[in-house]
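Asks: Just dropping this structure here.
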Amino acid sequence: MADDTSAVLQEQVIYSVYVRAHTEEGTFLSIIPDLDRIRALGADWIWFLPIHPIGEKGKKGSLGCPYANRDYRTTNPAYGSLEEFRFLCDEIHRRGMKVMIDVVYNHTSPDAVLLREHPDFYYRDAAGKVGNKIGDWADVIDLDYRSRALWDYQIESLRFWASIVDGFRCDVASFVPLDFWLAARRAVAEVNPGCVWLAETVHLSFGNFARREGFTSARDSEAFDAFDIEYQYDVWESFERFLAGKGLLHEWTEQLNFQEALYRENYNKLRFLENHDQPRIASRVTDERARENYTAMLFLLKGTTLLYAGQEYSCTHQPSLFEREVFPRSGRDISARLARLAAIKKEHAGRETHFTATADDRHAIAVLERFGPNSHTVGVFSLRAESAAVAVDAPDGAYENLIDGETVIVKNGQVFCAGSPIIFTLAR
């Protein structure tokens, strides 16, 4: 972990907002009336997908992708002015939340201001043409960090935004040289000492592929030198195999335990069930009782929790990045459950820094445990909503399920799971 990473981040919840998809107006100011509701979910942060102007050349869909950035130093006029974004940030801060913006430093749109002003900042292929190195990203062109002048430009941009916001989510951070991120963190700390850095580290297989092709792709253990939080994509593929019925639950829980053994004690992975790049969990787990277990489990995993806007309404449709699709508020509203789980997380996560996971493959039940100096929290999550007795590391006795207040009985080292999620705590 970065030397000054705050342990408080382990207790926190990030709520992800795509401005275009959040309200009918799709503007900064139209989000303000929704801030109190977001705060009530237990959110500590609002992360905005890129707020910058979107490229027109080669754009995908009718509106283009926000990750095809045309200008790093201003806002998308369709969302509002820089002054309106500042006002939105002020309103978020007034409610006790912090602001994180997406920064896309691996690439720009093909009609970016930077290409016109600094063509030497760009990667060129063997024929001398701009383009991208890997990935099906036809609407972007890659930057070339061998140019130190590019470092200066990007760091100055970050310093500007750090005077307004509290943190950065760094898109495909693994593909940008780690030395750049280290230099950027030091420079930004002069403007905003508490700035938080979240890395979109890449899928395990994608990172291996990039390195095999001879391109930069920092390993997650390396990226933690510069970042406070990283994506959980190093174990995501095994989780997806389980979701798809192509893998066993223990294959994923063993990888969680490997994270605990591999990284420093205070490592922080961003834990999510869905995001703007992944399908909605309600579209993948259609049984509501099973999904309740997945949701409760999310909050007991070690790391900062991510909620993607619409998850609280059990949305099944993922808004397009390239069109205007406002997420509906008409699905099953689980806001009260999310707020309760966030409260449990905040009460226990900061103290209980040690983590372990086991799995009952027959019934698809995960048992997650967190340990602190004076407390021990146990979570039992039936991911197919099946009933079964499972072994837990707790003395026999009666405990309170922190989720719903019901009594949980441990007998002969086992607890009977009736298909609903269980979280209880005991003294050590």
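The values are calculated or read from the model by the stated rules, or taken from the named source; none is laboratory data. The structure displayed is predicted, hence computed values, not measured ones. Cβ atoms come from the backbone with ideal geometry, glycine included; neighbour counts cover every protein chain shown. Ligands, DNA and RNA are excluded from the accessible area calculation, which covers all protein heavy atoms including side chains. Shrake-Rupley method; radii C 1.70, N 1.55, O 1.52, S 1.80 Å.
Asks: Report the Cα centroid-to-centroid distance between the range 218-258 and the range 152-185 in angstrom, as an integer.
Replies: Centre-to-centre (Cα) distance: 24 Å.
Asks: Quote the Stokes-Einstein diffusion coefficient, in whole µm² s⁻¹, for the range 1-141, based on the Kirkwood radius over alpha carbon pairs, a temperature of 20 °C and a viscosity of 1.002 mPa s.
Replies: Translational D for this selection: 128 µm²/s.
Asks: Could I ask something else about it? If you project the alpha carbons of the range 227-287 onto the principal axes, what extent comes out on each, in Å, largest first?
Replies: Taking the Cα atoms of the range 227-287, the three principal extents are 36, 26, 16 Å.
Asks: Over all directions, what mean area does the Cα convex hull of the range 213-359 project, stated in square nanometres?
Replies: Values: hull surface 42.8 nm².
Averaged projected hull area, Cα only: 10.7 nm².
Asks: Stokes-Einstein diffusion coefficient for the range 75-149 at 37 °C in a medium of 0.692 mPa s, Rh from the Kirkwood formula over Cα pairs: what value in µm²/s?
Replies: Values: Rh = 14.9 Å.
Calculated translational D: 221 µm²/s.
Asks: Okay, moving on. Can you give the angle from 0 to 90° between the axis of helix 178-189 and the longest principal axis of the chain, with both taken from C-alpha atoms, to the nearest 10?
Replies: It works out to around 90 degrees.
Asks: Cα convex hull of the range 215-261: how many Å³ per residue?
Replies: About 89 Å³ per residue, rounded to a whole number.
Asks: Let me ask you something else. Report the one residue of 415, 341, 383 whose Cα lies farthest in the direction of the positive end of the charge dipole of the range 316-428 (charges on C-beta: Lys and Arg +1, Asp and Glu -1; origin at the Cα centre).
Replies: 341
Asks: Mind putting a number on the dipole of the range 44-171 about its Cα centre? Charges go on the C-beta only, +1 for Lys and Arg and -1 for Asp and Glu, and I need it in Debye to the nearest 20.
Replies: Numbers: 17 positive and 20 negative charges, 25 e Å.
Here the range 44-171 has a charge dipole of around 120 debye.
Asks: Can you give the log10 of the normalised intensity I(q)/I(0) at q = 0.13, 0.16, 0.21 Å⁻¹, computed with Debye over equal Cα scatterers of the range 93-248?
Replies: Taking Cα atoms of the range 93-248 as identical point scatterers yields -0.67, -0.96, -1.40.
Asks: Using the Cα centre of the range 108-257 as the reference point, and only Cβ charges (+1 on K/R, -1 on D/E), how large is the resulting charge dipole? Debye, rounded to the nearest 20.
Replies: The dipole magnitude comes to about 280 debye.
Asks: Additional query: Name the shape class, rounded, prolate or oblate, that the alpha-carbon gyration tensor gives for the range 329-377, where a ≥ b ≥ c are the square roots of its eigenvalues, rounded holds for a/c under 1.5, and otherwise prolate holds if a/b is larger than b/c and oblate otherwise.
Replies: Cα axes put the range 329-377 in the oblate bin.
Asks: Using the C-alpha gyration tensor of the range 191-238, what are the square roots of 5 times its eigenvalues, in whole angstrom, with the largest one first?
Replies: 23, 13, 7
Asks: Something else now. Considering the alpha-carbon set of the range 113-189 alone, what are its Rg and its Dmax in angstrom?
Replies: 13.4, 41
Asks: Skip the ligands, DNA and RNA, and give the accessible area per residue of the chain with a 1.4 Å probe, whole Å².
Replies: In whole numbers, the chain has 39 Å² accessible per residue.
Asks: Oh, and also: Kindly report, to the nearest 10 Å², the accessible surface of residue 203 as traced by a 1.4 Å probe over protein heavy atoms only.
Replies: 40 Å²
Asks: Send over the per residue convex hull volume for the range 159-205, Cα only, as a whole number of Å³. Can you show the working numbers first?
Replies: On the way: hull volume 3.2 nm³, N = 47.
Taking only Cα atoms, the range 159-205 has a hull volume of 69 Å³ per residue.
Asks: On each of the three principal axes of the Cα atoms of the range 1-53, give max minus min coordinate, whole Å, ordered largest first.
Replies: Extents along the principal axes: 41, 29, 13 Å.
Asks: Same structure, new question: Based on Cβ point charges of +1 for Lys and Arg and -1 for Asp and Glu, what charge dipole magnitude is obtained for the chain about its Cα centre, in debye rounded to the nearest 20?
Replies: 240 debye
Asks: Note down the accessible area of residue 393, probe 1.4 Å, to the nearest 10 Å².
Replies: About 90 Å², ignoring ligands and nucleic acids.
Asks: A follow-up question, please. Taking the range 176-273 as the region of interest, what is the percent of Cα-Cα pairs per 5 angstrom bin, listed from the shortest bin to the one with the maximum distance?
Replies: In whole percents, the pair-distance histogram is 3, 12, 19, 21, 18, 13, 7, 3, 2, 0.
Asks: Additional query: Using every pair of alpha-carbon atoms in the range 305-428, split the distances into 5 Å bins beginning at 0 and state the percent of pairs per bin, rounded to integers.
Replies: For the range 305-428, the pair-distance distribution reads 2, 10, 17, 19, 18, 14, 9, 7, 3, 2, 1, 0.
Asks: For a quick size check, give me the Cα extents of the range 276-332 along its three principal axes, largest first, whole Å.
Replies: 34, 24, 17
Asks: Could you work out what % of the accessible surface of the chain is carbon and sulfur, using a 1.4 angstrom probe and leaving DNA, RNA and ligands out of the count?
Replies: C and S atoms contribute 50 percent here.
Asks: State the percent of C-alpha pairs, over all pairs in the chain, separated by a distance greater than 29 angstrom.
Replies: In whole percent, the long-distance tail amounts to 46.
Asks: Excluding ligands and nucleic acids, what accessible area in Å² is computed for residue 47 using a 1.4 Å probe, to the nearest 10?
Replies: It works out to around 0 Å².
Asks: Amide H to amide H under 5 Å from residue 202: which residues, 5+ apart in sequence or cross-chain, H placed 1.01 Å off N in plane?
Replies: Result for residue 202 returns 174.
Asks: Nearest 10 degrees, 0 to 90: what angle lies between the long axis of helix 82-94 and the longest principal axis of the chain (Cα atoms)?
Replies: So the inclination is approximately 20 degrees.
Asks: State the Cα centre-to-centre distance between the range 1-39 and the range 44-81 in whole Å.
Replies: After rounding, the separation between the Cα centres reads 17 Å.
Asks: Helix 335-348: angle to the longest alpha-carbon principal axis of the chain, degrees 0 to 90, nearest 10?
Replies: 80 degrees
Asks: Another question, then. If each of residue 264 and residue 316 carries a label point 7 Å out from its Cα toward its Cβ, how far apart are those two points in nm?
Replies: Here the modelled spin labels are 4.5 nm apart.
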